[in-house]
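**Student:** Encoded as structure tokens, here's the structure I'll be asking about.
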Amino acid sequence: MKTTINHIDKYNGKEVTIGAWLANKRSSGKIAFLQLRDGTGFIQGVVAKADVTEEIFQLAKSLTQESSVYITGTVVEDSRSPLGFELQVSNIELIHEAVDFPITPKEHGTEFLMDHRHLWLRSKKQHAIMKIRNQIIQATYEFFQKEGFLKIDPPILTGSAAEGTTELFHTKYFDEEAYLSQSGQLYMEAAAMAFGKVFSFGPTFRAEKSKTRRHLIEFWMIEPEMAFTTHEESLSIQENYVSYLVESVLENCDLELTILERDKDILRKIKAPFERISYDKAIDLLKEKGFTDIEWGEDFGAPHETAIADHFDRPVFITHYPKDIKAFYMKPDPNRPEVVECADLIAPEGYGEIIGGSARIDDLNLMQKRYEEHALTGDAYKWYLELRKYGSVPHAGFGLGLERTVAWISGVEHVRETIPFPRLLNRLYP
Ligand code: 4AD
Ligand code: MG
């Protein structure tokens, strides 16, 4: 019976055939241990000289790393394997012999691995990370569909900048100037006015000159937008969503978390509600923690975010930032117009901001004033203003960065390992 490693438990005691690659191998005089992978998982194949023909035994012993095979054997229980099963091999059919696979089981430097990303993806660790990424994607769709959100796809080629004009990728759109989207938000606001509760999930592009463990040039963002919704109500959706993601990974990716040596007890504590602290309080906290230079009105850097996050055992919302360091569309606090109704959600353990969100300005005159302050002119913003002209309502939304969330939940140090082919400041290859 032809099967895959993830379904092997259904064939205990039976003979199966798997299409696989050789990940690693050990052999002695009478036995060869083949570490096999098929894309769904990893399993050990045991080839005993006594059980197979001399030809098959020699083939097993000479098999090179990443050669592809059809391998046949009997599934037997093995309590030492994380999978719980191994394969007692009876036959091997070589499909293709790999010669000198560059990524050997020894240690390699990061740049070498990044240059071979197309092959590095085959490793057990990368497999575990991509499984967790996939689970987070699936859980995202589950959560928002259950909550009654409509999935809407904003355009990727746009004429408007949502998050400032300094980090745009420019491109020609026939005779016009266009950009690659840095956020779908403005379009999602239009969608919220049409469909109430909406979410998008797509790639975004930022020509950021940042070379840190948290920054990608191309990353994926989930952007919900909700009509008739206050800032507070949005925070409650955010904490429920993030808790749901963690719960879903704990439930469905136990083996992967084990492979990544992730501390699951830390993740089990991630349950809504999350603490909310104001920007003002965050400044006080930072001063107490020895950041004596920080002044009210300044934005936080990575060390500040980490110091604040270390104070809590689950993600923390920092709310009500000064309006001058946030985007033009954020709604001022009616009682304190120098701050806006916004929040950044900071993940624990130094992973930084995973969500940015806010209530949006819904008043036409105020939005017009912001346009003037930010020098936003032209057709690109005309339609956005019109959303405030025809039945404007209080609304709020947020954006969660997929890769930072995957890095945090997986316990992976750098976002470059959380996307199949990372685009970084100095990297477009492979
Ligand atoms: O805080 P940001 O810039 O917010 C927005 O774009 C809003 N328009 C979202 C909205 O309200 N609809 O980005 C949102 C999130 C960040 O919290 C972070 O997780 C991620 O996107 N992010 C990045 N991830 C990887 N690399 C980068 N260069 C990122 N920039 C932002
Ligand atoms: Mg932000």
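Where a number appears in this text, it was derived from the coordinates with a stated rule and is not lab data. Only a predicted model underlies this, so the values are computations on that prediction, with no experimental measurement involved. Backbone-built Cβ (ideal geometry, glycine too); neighbour counts: all protein chains shown.
**Student:** Arrange PHE291, PHE149, PHE398 by Cβ neighbour counts within 10 Å, fewest through most, would you?
**Tutor:** Working: PHE291 16, PHE149 21, PHE398 26.
With the fewest neighbours first, PHE291, PHE149, PHE398 line up as PHE291, PHE149, PHE398.
**Student:** Given H placed on each backbone N at 1.01 Å, which residues far from SER90 in sequence or on other chains put an amide H within less than 5 Å of it?
**Tutor:** Correct list: THR72, GLY73, THR74.
**Student:** Calculate the spin-label point distance for ASN91 paired with TYR390, positioning each point 7 Å from the Cα along the beta-carbon direction, and give it in nanometres.
**Tutor:** Inter-label distance under the simple model: 6.8 nm.
**Student:** Would you please state which residues of region 127-147 a label at ALA272 would reach in this model, taking the label point 7 Å out along Cα→Cβ and a backbone N cut-off of under 18 Å?
**Tutor:** 136-147
**Student:** Right, another one. Once you place label points 7 Å from the Cα toward the Cβ at VAL99 and LYS209, how far apart are they in nm?
**Tutor:** Here the modelled spin labels are 4.6 nm apart.
**Student:** Do the alpha carbons of any pairs in LYS2/LYS125; LYS25/LYS106; LYS331/LYS369; LYS131/LYS264; LYS197/LYS331 sit beyond 21 Å of each other, and which pairs?
**Tutor:** Working: LYS2/LYS125 26 Å; LYS25/LYS106 13 Å; LYS331/LYS369 12 Å; LYS131/LYS264 16 Å; LYS197/LYS331 19 Å.
Exceeds cut-off: LYS2/LYS125.
**Student:** Continuing with this model, one more query. In whole Hz and in residue order, list the ³J(HN,Hα) couplings for region 201-218 that follow from phi through the Karplus curve 6.51 cos²θ - 1.76 cosθ + 1.60, θ = phi - 60°; x for Gly and Pro.
**Tutor:** Rounded to whole hertz, the list is 8, x, x, 9, 10, 9, 7, 7, 7, 9, 10, 10, 6, 10, 10, 10, 7, 10.
**Student:** So, one more: So what is the relative contact order of the chain, in percent, for Cα pairs below 8 Å that sit 6 or more residues apart? The partial results should precede the final answer.
**Tutor:** Working: 814 pairs, mean separation 57.1, N = 430.
RCO, the chain: 13 percent.
**Student:** What is the extension gain from GLU177 to THR53, computed as 0.36 nm multiplied by their sequence separation minus the C-alpha to C-alpha distance, in nm to one decimal?
**Tutor:** Working: separation 124, 0.36 × 124 = 44.64 nm, distance 6.77 nm.
Net length gain for the segment: 37.9 nm.
**Student:** Can you find, among GLY352, GLN368, TYR141, the residue sitting farthest towards the positive end of the charge dipole of the chain, where Lys and Arg contribute +1 and Asp and Glu -1 at Cβ?
**Tutor:** Working it through, the farthest residue towards the positive pole turns out to be TYR141.
**Student:** Kirkwood Rh and Cα-based Rg: tell me the resulting Rg over Rh for the chain, rounded to two decimals.
**Tutor:** 1.06
**Student:** Of ARG117, ARG416, ARG26, how do they rank once you tally other Cβ atoms within 10 Å and put the fewest first?
**Tutor:** Details: ARG117 18, ARG416 21, ARG26 10.
Ranking ARG117, ARG416, ARG26 by Cβ neighbours within 10 Å, fewest first, gives ARG26, ARG117, ARG416.
**Student:** Given 0.36 nm per residue, what is the gain on full extension from LYS289 to LEU119 after removing their alpha carbon distance, in nm?
**Tutor:** Numbers: separation 170, 0.36 × 170 = 61.20 nm, distance 4.41 nm.
Length gained between LYS289 and LEU119: 56.8 nm.
**Student:** Here is a follow-up. Sorted from fewest to most neighbouring beta carbons within 10 Å, what does the list LEU157, LEU366 look like? Intermediate results must be reported in sequence, preceding the final value.
**Tutor:** Details: LEU157 11, LEU366 14.
Ranked by crowding around the Cβ, least crowded first: LEU157, LEU366.
**Student:** Alpha carbon centre of region 161-202 versus region 316-379: separation in Å?
**Tutor:** Centre-to-centre distance over Cα atoms comes out at 17 Å.
**Student:** Using packing as a proxy for protection, rank 39-45, 408-414 so that the peptide with the highest average count of other Cβ atoms within 10 Å comes first. Please report the intermediate quantities before stating the final value.
**Tutor:** Numbers: 39-45: 19.6, 408-414: 21.1.
Most protected by this proxy first, the peptides run 408-414, 39-45.
**Student:** Take the Cα atoms of region 1-121, find their three principal axes, and give me the spread along each one in whole Å, biggest first.
**Tutor:** If we take the Cα atoms of region 1-121, the spans are 44, 30, 26 Å.
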